[in-house]
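Reviewing the structure listed below.
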Amino acid sequence: MSFELKSLLRPHIAKIQPYTSARDEYSGKEGIFLDANENPYGSITEQDFNRYPDPYQQQLKAEIAKIKQVKSDQIFLGNGSDEAIDLLFRAFCRPGIDNVILLPPTYGMYEVSAAINDVETRKVPLTSDFQLQTDRILDQVDSNTKIIFICSPNNPSGNKLLRTEIQRIIREFNGLVVVDEAYIDFNDEPSFTTEMAEFPNLLVMQTFSKAWGLASLRLGMAFASQELIRILNLIKPPYNISGLTQDTVLKAIQNIGKVNRMIAEILEERAFLAKELKELTFVQKVYPSQANFLLIKIPNANEVYNALINAKIIVRNRSKVILCEDCLRITVGTRFENEMLLTALNKVFAEIEN
Ligand SMILES: *Cc1c(COP(=O)(O)O)cnc(C)c1O
């Protein structure tokens, strides 16, 4: 396969002259800054936010590069993973003409972003044990297919998809393959970032929202070839990552030991919760999970969901989603929260049976 990124790109994107911000034209730290119409007196808040942040987040990327073992210029940072997804549509998919392939049940944002960008989605469901139907996926590809979105470990099923099948898709599809690794920190396989050198058409997404506990900051990562990262940087809003986010995450990375301890604890709780749920006779299935949540199959899922809400325990009702009939998705909580959930489930079923 000879993969050429330029031939995938929407023609007008190739011609864009990027917006050059004040901080692009002069990036030194010393001097009297009268170039960006900022407030010279400081901010109204205790902490000063009056200066525009680094548009390319270079310090932060240097630290991320170290912990993820990639090069700085192979990293794109977005306002959540959702920003990278949207930029990919805008860069590569001609509205009303091109299409992407989705593999339901999966993360909902791919479809929303496709709809916003007026891009056709072709859906090839996973198998009943939530694995790829690789031949059927490749059969759906035509000359206007630009992106295949693969989520592994998958949301909402929780399992990882077979690596050899993902590799086959990347190898045989002459377009972009996005591997969404939002839950990579809870899984037992290496990231697909280790395969970027081999696959120029691969983009790997990760996020600070899950294992790092920084969902509110909105920081998503995309890893890919320098050429592809350059395109995302070209079309992103100039200051898409706030200074507060950059500084906070820079400090957080120095504290990676705490992240690893939290991950270990969540994995322990996942095992505890899975074991306890399996012992409940009314739970029909606890799907294997490589993420920080469990998908369970349970009779009368809607009723159970509502009863749990009444008990002030909020889980995600996935029972209307393809292949997830009567399924609830439960995020792994603390031991206290997990025990409250188990107690509530027992109570709900005792009531249903009477
Ligand atoms: C949670 C999640 C994300 C993270 O999105 P952010 O916008 O970075 O918070 C991405 N992909 C999947 C599959 C997720 O479940």
* Asked: Tally Lys and Arg at +1 and Asp and Glu at -1 over the other residues with C-beta under 14 Å from the C-beta of D98: what net charge comes out?
  -> +2
* Structure fact -> With DSSP loop assignment and no more than 13 other C-beta atoms within 10 Å, the GluC sites (Glu not before Pro) in segment 117-226 are E198
* Built amide H within the under 5 Å cut-off of K123, gap 5+ -> L102
* **Loop-located chymotrypsin sites (Phe, Trp or Tyr not before Pro) in segment 160-258 whose Cβ has at most 10 other Cβ within 10 Å (DSSP)** => none
* Take the Cα atoms of segment 202-277, build their convex hull, and give its volume per residue in Å³. => 128 Å³
* May I ask for the equivalent-ellipsoid semi-axes of segment 257-353, computed as the square root of five times each C-alpha gyration tensor eigenvalue and listed largest first in whole Å? => 23, 15, 12
* Whole-angstrom Cα spans of segment 87-234 along principal axes, big to small -> 39, 39, 30
* Asked: How big is segment 99-156 in terms of Cα radius of gyration and Dmax, in angstroms?
  -> 11.0, 31
* Return the distance in nm (one decimal) between the two label points of a simple spin-label model at Q226 and Q133, each offset 7 Å from Cα along Cα→Cβ. => 4.2 nm
* Asked: How far, in degrees from 0 to 90, does helix 226-235 lean away from the longest principal axis of the Cα atoms of the chain, to the nearest 10?
  -> 80 degrees
* Using mean Cβ contacts within 10 Å as the protection proxy, how do 66-77, 275-286 order, highest first? -> 66-77, 275-286
* Using the 4.7 Å Cβ rule, please list in number order the cysteines from the chain without any candidate partner. => C93, C151
* Asked: How large is the dipole of segment 1-155 about the Cα centre if only Lys and Arg carry +1 and Asp and Glu carry -1, each at its Cβ, rounded to the nearest 20 debye?
  -> 400 debye
* To do: List, in the order given, every pair from K68/K320; K66/K258; K258/K320; K68/K278; K68/K251; K160/K278 whose Cα-Cα distance in the structure shown is over 27 Å.
  => K68/K320; K258/K320; K68/K278
* Asked: Once Rh for segment 15-87 is found with the Kirkwood sum over Cα pairs, what is the Stokes-Einstein diffusion coefficient at 10 °C and 1.306 mPa s, in µm²/s?
  -> 106 µm²/s
* Structure fact -> Cα-based Rg then Dmax for segment 77-128, in Å, read 11.3, 35
* Structure fact -> Other residues with Cβ under 13 Å from the Cβ of K61 give, with Lys and Arg +1 and Asp and Glu -1, a net charge of 0
* Could you work out the Kirkwood radius for segment 53-155, taking every pair of different alpha carbons, averaging 1/r and inverting it, reported in Å? => 15.3 Å
* What nm distance separates the two modelled labels at A197 and S43, each placed 7 Å from Cα along Cα→Cβ? -> 4.1 nm
* Structure fact -> As a Kirkwood estimate from alpha-carbon pairs, the chain has a hydrodynamic radius in angstrom of 22.2 Å
* For the chain, share of DSSP beta bridges that run antiparallel, in % to the nearest 5 -> 50 percent
* At a temperature of 37 °C and a viscosity of 0.692 mPa s, determine how fast segment 147-245 diffuses translationally according to Stokes-Einstein, using the Kirkwood radius over alpha-carbon pairs as Rh; express D in µm²/s, rounded to the nearest whole number. => 227 µm²/s
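Just so you know, all these numbers are worked out from the coordinates, no wet-lab data involved. Only a predicted model underlies this, so the values are computations on that prediction, with no experimental measurement involved. Neighbour counts are summed over all protein chains in view; Cβ atoms, including those assigned to glycine, are modelled from backbone coordinates with ideal geometry.
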